[in-house]
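Notes follow once the structure below has been shown.
Just so it is clear, none of the values below were taken in a lab; they were calculated from the coordinates. Keep in mind it's a predicted model, so treat the numbers as computed, not measured. Neighbour counts run over all protein chains shown; Cβ positions are idealised from the backbone, glycine included.
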Amino acid sequence: MKKNLTRKILEAHLKAGRLVPGQEIAISIDHALLQDATGTMAMLEFEAMEFDRVKIELAAQYVDHNLLQTDHKNADDHKYLQSACAKYGIMFSAPGNGVSHQVHMERFGVPGKTMLGADSHTPGAAGLSMLAIGAGGLDVALALAGRPYYFPCPKVLGVRLKGKLPEWVSAKDVILEMLRRYNVDGCSGKIIEYFGPGVATLSATDRETIGNMGTETGATSSIFPSDERTLEYLRAQGREDAFTPLSADDGAEYDEYDEIDLSTLVPLIACPSSPGNVVTVREVAGKKVEQVIVGSSVNSSYRDLMVTAEILKGRHIHQGVSMHINPGSRQVVENVFKNGGGLPLLQSGAMIKEPGCLGCIGIGQAPGTGQVSLRTFPRNFPGRSGTVDDMVYLCSPETAAAAALKGIITDPRDLAAEMPYVRIEDPKQYLIDEKSIYRPAPQGTAVEIIRGPNIKPFPHLDELPDSLKTEVILKVGDNISTDGIMPAGNEVLPLRSNIEAISHFVFYKISPGFHLRCKGKGALAVVGGDNYGQGSSREHAALAPRFLGIRIKLAKSFARIHKANLCNFGVLPLEFIGLADYETLKEGDVLQVPGIRELIKRGDIEIPVQVNNRTIITKLEVSQREREHLLAGGTINHLKNNP
C-alpha cells in the first residue's frame, strides 16, 4: 500500500486503535501549544490532576490573547502562567513576543512531529509539516503529562496543487477557494493533505496560512510535505538541523481527492458572517470600507506585512479608512523594519500594533456601527469583532491593502495600472530574537507559583445521576459557534481562570440574562442545530454551561472539538436521529432520560428521551473511554477515581 504523509505520521505515533476512519485512535504527542486565553485553565487542570512535571518533548505557553491590561486580572494570570511554566517545565513566551502559531513555527516547529494545541488554529504548523491538532485545554493538559490524545480517526482528503499563483493572488486565496468548495463543515472528520507540483511554489509561511485557516472548513488538521521550501525556512531561522524530508509515496492513496490549479485562482473574499460565505472580490467590489486590518493569527508573517508595505509605499490610505497592522511576532516586526517595510507602513497612515491576536479575538479594534471591516483574520462569526451586527469580510493582504488605498472593496489586480506587483521573498537569514522566550527552571528547583485573586481552583463536578430530568432552557439554530456560546472580548477573556465569574456570560449575546434564567433550575438542556460548537477550541463553552447546570446538549450534529470538550466535562452530547424532532422541541419542554447511567454503561447508542407525552430516539456516538468520563461527571473525576 502506497501511503500518504498523514498515514505515515499517524502510524509512527499510534498508541491505540486502528487507522479506520471514524474509529477512536490514540496518538502520542511530541509538542504541546498553549495560549493564555485557554492555557490558564489548562494549567489549573494540570494542577488539579496532580501531575508534577511535563513529560513530552516540548511544551510552550504563549501570551498572545489577553494583552489589554484594563485591571489586575490579565497581569495576574500572566504571572501565574510564567511561574507555573517555570515549575512544570514549559517554555514561556512573554506578552508582546507574538502569536503562538507564528512564534512556534519560527523557534520550535519540527517536520513530522505531532502537536496538540489549546487553540483551534494549531494546524497552522502544517507550514513546517507538523501534524498539529487543536483541542480543548483539558486534552492538552493530559498531553503535557505524556498521555496520548484520543480522537476519531480522520479520513484523508488529498488536494493536488498544480500551477503557480498569479500576481495579486496569494495563499489566503487558496484557503478561501477551499472554503468556497467545502464551506465551514465540508471537511469535518478529515485531514487535508496538500501534494503535487504546485506545493513547491508555496513558501513555508504560505503553507502556514493555508493550514491555519483550514480549521474553518471543519478539518481536524492540514499538512504539507517537508521539502526544499521547508529547509529554506528552517535554514533562515538558524534551525537547519531540525529539517527532515517528508512526503507521501508516489501514487499514494487518499480517502477523497480534489485538485486546485493555482494559476486559475482569483482574489476571493469571505462575506459576513461566515468564513464559508466566499465570493470573488469582483462580486462585491465598490462597497465602502472604513476599517482594514492585516495580521493577527494568520497572514501576519514577514511576507504578508512586506507585501502590504510594498503596495502602500509612497501612498496614503484613504481618508475614510482606519488601518491596523497586527504583526505575528516580535521577530516579524524586527525583520520588516530591517528590510525597509516599517517606514512605508507608518507613512501610509497605518497603525502598527504589538504582536498578538488583538481584534481577531475581540480585544480592541472593534469596527464602528454599520462600518465594513476587511480583515486578513481566519474568522468573521457574528459579533466576534466586539460590535453587534458587525460586517466583517475576510481577505488576503493584497485585497486588504487595495481597499485601504481606495476606500472601497477593490480587486487588487486593478492596482496593476498604478504599480508593479512585488513578489516578496523571505530573508535568506532572519534576524533572530529569542530574548522574550523564558526557559523553565531545572527540574527539582523550588519555584513558588504566584496566584492572584482572579485565579480560582477548578470547580467540582458531580457524577452523572442514575436518571436525568432536564428543562430545555434554550434552543438555537445551525452553525452556532463557541463565540456564540462563550464570547471572547476584553470584558470576558480576563475571567478565563474564574469559572463562576465567566459563567455570567454564557450565551449572553444570544440570550441576555441566560445565567440568571439557569439559577435554581437544577439540571438543564440546550437544543442546537447542525455543526453546533464550531470554531474556537475554548473549553469554557462546555465547562461554563456545565457550571450553570447544563447536563444535556441535544443537537443535529456537533463540531469535533466541542463534542470532545462536552464529554470532558460530563455534558451528554446527544444527537437527533429524526431531524423533525428538532422542529417540535421548544424552550420549556422537559426532557427525561430514565436509567441513563445504565444505558451508557452497557454501550447503548440509541438513547430514548421522554418529552412531555412522547418519546424521541436520540443517539450517543462516543467511545467507551468517553462513556466512562461521562459517567464520572468528567475526565478529571475519572482520572482521580482511576489513578
Revision key, fill the gap. With the dipole of the chain defined by +1 on each Lys or Arg Cβ and -1 on each Asp or Glu Cβ, the option from Ile191, Gly22, Ala42 whose Cα lies farthest towards the positive pole is Ala42
Exercise for review: Output ³J(HN,Hα) for region 323-337: one whole-Hz value per residue in order, computed from phi by the Karplus curve 6.51 cos²θ - 1.76 cosθ + 1.60 with θ = phi - 60°, and x for Gly and Pro.
Suggested key: 10, 10, 10, 10, x, x, 7, 4, 4, 4, 4, 4, 6, 4, 5
Revision key, fill the gap. Restricted to the chain, the DSSP antiparallel beta bridge percent, nearest 5, is 35
Practice item. Report the extension gain between Gln319 and Lys2 in nm, rounded to one decimal, defined as 0.36 nm multiplied by the number of residues separating them, less their alpha carbon distance. Key: 108.4 nm
**Study point:** Inter-probe distance in nm under a simple model that places probes 7 Å from Cα toward Cβ, at Glu167 and Arg597
**Key:** 7.2
Point to revise | Dipole of the chain, positive direction: furthest Cα of Val169, Ala350, Val526, with charges on the beta-carbon | key: Val526
Point to revise | Cα-based equivalent ellipsoid of region 338-395: semi-axis lengths in Å, sorted from largest, via gyration tensor | key: 24, 12, 10
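What ratio of Cα Rg to 2.2 N^0.38 Å holds for region 268-417?
Compactness ratio reported: 0.94.
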**Study point:** Helix axis angle, 397-406 relative to the chain longest principal axis, alpha carbon, degrees
**Key:** 70
Practice item. Mind sorting Asp426, Asp119 by how few other Cβ atoms lie within 10 Å of their own Cβ, fewest first? Key: Asp426, Asp119
Study note, to complete from the structure: Computed for the chain: size of charge dipole around the Cα centre, +1 on C-beta of each Lys and Arg, -1 on C-beta of each Asp and Glu, debye to nearest 20, value 580
Practice item. Along each of the three principal axes of the Cα atoms of region 468-641, give the extent in whole Å, ordering the values from largest to smallest. Key: 43, 38, 30
Practice item. Using amide H atoms built 1.01 Å from N in the peptide plane, name the residues 5+ places from Ala248, or on other chains, whose amide H lies under 5 Å from its own. Key: Leu5
Exercise for review: Could you give the size of the charge dipole of region 1-44 about its Cα centre, using +1 on the Cβ of each K and R and -1 on the Cβ of each D and E, expressed in debye and rounded to the nearest 20?
Suggested key: 420
Review point. Label Asp389 and Asp261 with points 7 Å out from Cα along Cα→Cβ: what is the distance between them in nm?
Key: 4.4
**Study point:** Tilt relative to the chain, helix 36-48 - C-alpha long axis, 0 to 90 degrees, to 10
**Key:** 40
**Study point:** Translational diffusion of region 5-264, µm² s⁻¹ [Kirkwood Rh, Cα pairs; Stokes-Einstein; 4 °C; 1.567 mPa s]
**Key:** 70
Practice item. For region 268-417, build the charge dipole from Cβ charges (+1 Lys, Arg; -1 Asp, Glu) around the Cα centre, then report which of Cys360, Ile311, Ala402 sits farthest towards its positive end. Key: Ile311
Check your understanding: Binned at 10 Å from 0, what are the whole-percent values of the Cα-Cα distance distribution for the chain, short to long?
Key -> 3, 17, 28, 27, 17, 6, 1, 0
Exercise for review: Please state the charge dipole magnitude for region 268-417, taken about the Cα centre, from unit charges on C-beta atoms (+1 on K and R, -1 on D and E), reported in debye and rounded to the nearest 20.
Suggested key: 140
Exercise for review: Determine, for Tyr508, Tyr149, the number of other Cβ atoms within 10 Å of each Cβ, and report the residues in order from fewest to most.
Suggested key: Tyr508, Tyr149
Review point. For region 63-146, what is the convex hull volume of its Cα atoms per residue in Å³?
Key: 98
Study note, to complete from the structure: By the C-alpha gyration tensor axes a ≥ b ≥ c (rounded if a/c is under 1.5, else prolate when a/b exceeds b/c, else oblate), the shape of region 127-284 is oblate
Review point. Modelled label-to-label distance, Lys428 and Leu579, 7 Å Cα→beta-carbon offset: nm?
Key: 5.8
Point to revise | Size of region 1-97 as Cα extents on the principal axes (Å, biggest first) | key: 58, 27, 23
Practice item. Rounded to the nearest Å, what's the spacing between the alpha carbon centres of region 212-230 and region 325-351? Just the number, please. Key: 26
**Study point:** Ranked Glu259, Glu398, Glu253, criterion: other C-beta atoms within 10 Å, fewest first
**Key:** Glu259, Glu253, Glu398
Check your understanding: lysines within cross-link reach of Lys313: Cα-Cα under 27 Å, excluding same-chain residues under 8 positions apart?
Key -> Lys164, Lys172, Lys287, Lys288, Lys338, Lys353, Lys406, Lys428
